[in-house]
Amino acid sequence: KSDLCLIILPGIMVVGARIQCTNVPALFDETGNECDVASNNIGNYEKKTYKSDNSDVTQGIENRLDHVFVWPHSLSDESTGNQVRDLPKTSNEISADIRREGNVLIRVITWNHQAKDPPSSDDLIKWLVPRNKYHIIAFGSQECENSIAKSIIVPTKERWEAMLNLAVGPDYDIVCSHSLQASHNMVFVHKAIVHLISNIKSAAIPTGFGDLLGNKGGIGVSFLLGKKSFCFINAHLAAHQYAIERRTYEFQRISSGVAESFIRKKENNSPGIDSSESTSNSTFCLANEFDFVFWYGDLNFRVNGTREVVDGLLAQNMHEVLVNNDQLTFLMKFNSCFRGLAEGPINFRPTYKFDYESDIYDTSKKKRIPSWTDRILFKNGELVDLITYSSRDEIRTSDHRPVYASFRVKLPSACCISQNGTVQPFLNAKPISQICSIS
């Protein structure tokens, strides 16, 4: 399949090129010297060449396409609502439903708060955490409550935890809440299945200055649900348009660091995790260590391009071109540190950077390029189905839009039943709450 792509390198920009994505080793490299492109005119959209210095751009994208592009519909709550029904009314009915159907519904949310006050709990319920829909809710926050700098001194997230707890409602228990400076990862489990949770662990991996400070980094939470292992990671990776190599390094460091931390903490071989081979290696593959993995946060990967070109592509609804120039989309195809992970279709608009309380992208002097910085990845497999993946434009208190995803995880009935035929107890599952700033 040939895809319409916009190839942007530090030294040259080619618009209207058609490439064979599956056969191309790289659209760009760190120096911008390699790009295998076979150029063609596409309709009335001719190939144009620009210099990398914006002041020397000799011609904008002025000619119109004969074809009018339509931005694709995202997998929003509204478009997929019939796939997530309300949970049964009683805990006994919920437990019986899981044992019968084996379906566990999971909601994952990531949001960079920009250290601004969040919306009301009613708005959180309406847009992000609808009540009694999910068995597990994971909420990853960045720049939460306080700025990154202030969070060194005041790392607590008590106000945010209280508001989120109020929004989620009384039918859920907090199984883990862990902060790393301005980042925060919190996992709720419905009371009807909390007795199935055991071996709760959490770990923070800083990737800030010298890999010691927590201004950037990731927070992992793991547990067993019956006999299956789950891992939820929230991260805030390095900023700036061209810090691709650094972000990739941080992603790999967090993944292997979290996996190693959890495996090293294991007192014995728990069901669902086979550590016999991984503990002998210096690098741990997260996807190999857990049955289900959810990796989310402000990953800070950008769309390659200039502000003028990306604005034009957004105005023309040229979604495919933008996605083909998304840094993370490319890396997930070719970089081994993302192996085993998948992402749903990013059919929502770029989630960064917006003016305050506005739908207008950055009008400051920096004029940052609109990008999908906020992402949710998951371990791909036959037992997990993506239901929703979208952002919430209704919440405008930050320069980022919150992003959410819903999953249906299939658990074999035997995973929730012990050998004597009874439901497994809530073993070793004291809720965890930790605060870290410096490793």
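The values are calculated or read from the model by the stated rules, or taken from the named source; none is laboratory data. The model shown is predicted, which means the values in this text are computed figures rather than measured ones. Here the Cβ positions follow ideal geometry from the backbone for every residue, glycine too, while neighbour counts run over all protein chains shown. Note: accessible area is taken over every heavy atom of the protein model, side chains too, but ligands, DNA and RNA are not part of it. Shrake-Rupley method; radii C 1.70, N 1.55, O 1.52, S 1.80 Å.
For this structure, a couple of remarks:
- Residues located in the range 350-369, provided they are out of contact with any Lys or Arg (no Cβ under 6 Å at 6 or more places or on another chain), of a type outside the set (Asp, Glu) and surrounded by fewer than 18 Cβ atoms within 10 Å (Cβ to Cβ): 356, 358, 360, 363, 364, 365, 366
- Neighbours by Cβ (under 6 Å, 6+ apart or cross-chain): first from the range 141-161, without any contact (Cβ under 8 Å) to a residue 12 or more places away in the chain; second open to solvent by less than 30 Å² (accessible area, probe 1.4 Å): 154/146
- With respect to the conditions (1) over 23 Å from residue 172 (Cβ atoms); (2) at pLDDT 95 or above; (3) more than 17 Å from the chain's Cα centre (by Cα); (4) outside any helix (DSSP H, G or I), residue 245 falls short on a single one, namely (4).
- The residues in the range 191-207 that are open to solvent by less than 10 Å² (accessible area, probe 1.4 Å) and out of contact with any strand residue (DSSP E or B) (no Cβ under 6 Å at 6 or more places or on another chain) can be counted, and the count is 2.
- Selected residue [closer than 25 Å to residue 404 by Cβ, charged (D, E, K, R), more than 21 Å from the chain's Cα centre (by Cα) and modelled with pLDDT of 95 or more] from 216, 228: 228
- Close Cβ contacts (under 6 Å, 6 or more residues apart or on different chains) running from residues in the range 86-101 that are farther than 15 Å from residue 169 by Cα to residues that are not in a helix (DSSP H, G or I) comprise 94/87; 94/88; 94/192; 95/192; 97/88.
- Hits in the range 295-341 - residues which are in a loop (DSSP other than H, G, I, E, B) and over 16 Å from the mean Cα position of the chain (by Cα): 304, 305, 306, 316, 317, 318, 325, 335
- Screening residue 346 with (1) more than 22 Å from residue 76 (Cβ to Cβ); (2) open to solvent by less than 40 Å² (accessible area, probe 1.4 Å); (3) within 16 Å of the chain's Cα centre (by Cα) gives one miss only, at (1).
- Filtered residue count, the range 80-135, keeping only those that are under 25 Å from the mean Cα position of the chain (by Cα) and either open to solvent by 70 Å² or more (accessible area, probe 1.4 Å) or among the acidic types (Asp, Glu) (or both): 10
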